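**Student:** Pasting a structure here, questions to come.
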Amino acid sequence: MSVSEADARIRARIWQAIAQSELELDGIDKQTLESLVQLVSESALLEMDAEMGKTISSENLQSLNEALNDDDEDILWQGRPFLSITLHYKITDERIVISEGLFGKSSENVELIRIQDIAHKQSFGERLINVGDVVVKSHDTSHPTIDLKNVSNPKEVHEILRKAVLKARQKHNFTYREEM
C-alpha cells in the first residue's frame, strides 16, 4: 500500500467516525474540519511509521567521511520504506543492499562503482511527512534502475549515496568517460 492510499483510507475512517459520532459540529466551518481531518491523518501515519521502526542514518558528516576512508565495509545508512516491515535498504561504502521478506529473505546488491546517476523525488504529500524516492541508475544488467521508495529524509539519503559513489570510484581508481 502506498503512502497516498494509506492516507486516503485513514481519512475515510476519520470521516466515517465523525459521521457515526453524535458530536455537534455545526459551529465548525467545512474548511476547518477538513484541515483537522488532514492533520489527524498525517499524525496517524507518522505515529504508525515511528512504531514500525526508526530509520538509522549517519550521525554527522565526519563519521560518514571516516567510514568512507577505511578499508572495512561500513554501513553508511540503513532504513526501510515508510510503513513497510518486509523491505529494508542498506547503503555501505561498497554497495547498495535491498533485502525483502519477513520469514524468507531475498536480497539484491548493486556495487557503488557501477552507479551512473542518482536522483530523488517527492510529491507534495510526501514532502509534508518528509519521505520520498531515491532513484539509482546503474550499469548493472540485472538491476539497471533501482528505486528506494518512500525513504525518510530522501535528500539526506541522496547525499550520503552521492558521496559514497564518489569515494568508491576514487578508492578503485574508476572513472567514466562520457562522449558528447
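**Student:** Applying the selection to the stretch 84-136, what residues are under 11 Å from Leu148 (Cα atoms) and basic (Lys, Arg)?
**Tutor:** Lys90, Lys121
**Student:** Residues in the stretch 77-96: is at least one surrounded by fewer than 16 Cβ atoms within 10 Å (Cβ to Cβ) and modelled with pLDDT under 70?
**Tutor:** no
A quick yes/no check of all residues on (1) without any contact (Cβ under 8 Å) to a residue 60 or more places away in the chain; (2) of a type in the set (Phe, Trp, Tyr); (3) farther than 22 Å from Asn150 by Cβ; (4) surrounded by 12 or more Cβ atoms within 10 Å (Cβ to Cβ):
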{"residue": "Ser4", "(1), (2), (3), (4)": "no, no, no, no"}
{"residue": "Ala8", "(1), (2), (3), (4)": "yes, no, no, yes"}
{"residue": "Ala19", "(1), (2), (3), (4)": "yes, no, yes, no"}
{"residue": "Leu23", "(1), (2), (3), (4)": "yes, no, yes, no"}
{"residue": "Lys30", "(1), (2), (3), (4)": "yes, no, yes, no"}
{"residue": "Leu33", "(1), (2), (3), (4)": "yes, no, yes, yes"}
{"residue": "Ser41", "(1), (2), (3), (4)": "yes, no, no, yes"}
{"residue": "Ala44", "(1), (2), (3), (4)": "yes, no, no, yes"}
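**Student:** Scan His139, His120 and give me the residue that is in contact with a Pro (Cβ under 8 Å, 6 or more places away or on another chain) and either touching a residue at least 40 places away in the same chain (Cβ under 8 Å) or on the phi < 0 side of the Ramachandran plot (or both).
**Tutor:** Values: His139 fails: in contact with a Pro (Cβ under 8 Å, 6 or more places away or on another chain).
Every option except His120 fails the conditions.
**Student:** Name the residues in the stretch 32-76 that are among the small types (Gly, Ala, Ser) and modelled with pLDDT under 80, would you? Steps first, please.
**Tutor:** Residues of the stretch 32-76 among the small types (Gly, Ala, Ser): 35, 41, 43-44, 50, 53, 57-58, 63, 67.
Passing the criteria: Ala50, Gly53, Ser57, Ser58, Ser63, Ala67.
The values are calculated or read from the model by the stated rules, or taken from the named source; none is laboratory data. As the structure is a prediction and not an experimental result, all values here were calculated from the model. Quick reminder, even Gly has a Cβ in these numbers, built from the backbone with ideal geometry, and neighbours come from all protein chains shown.
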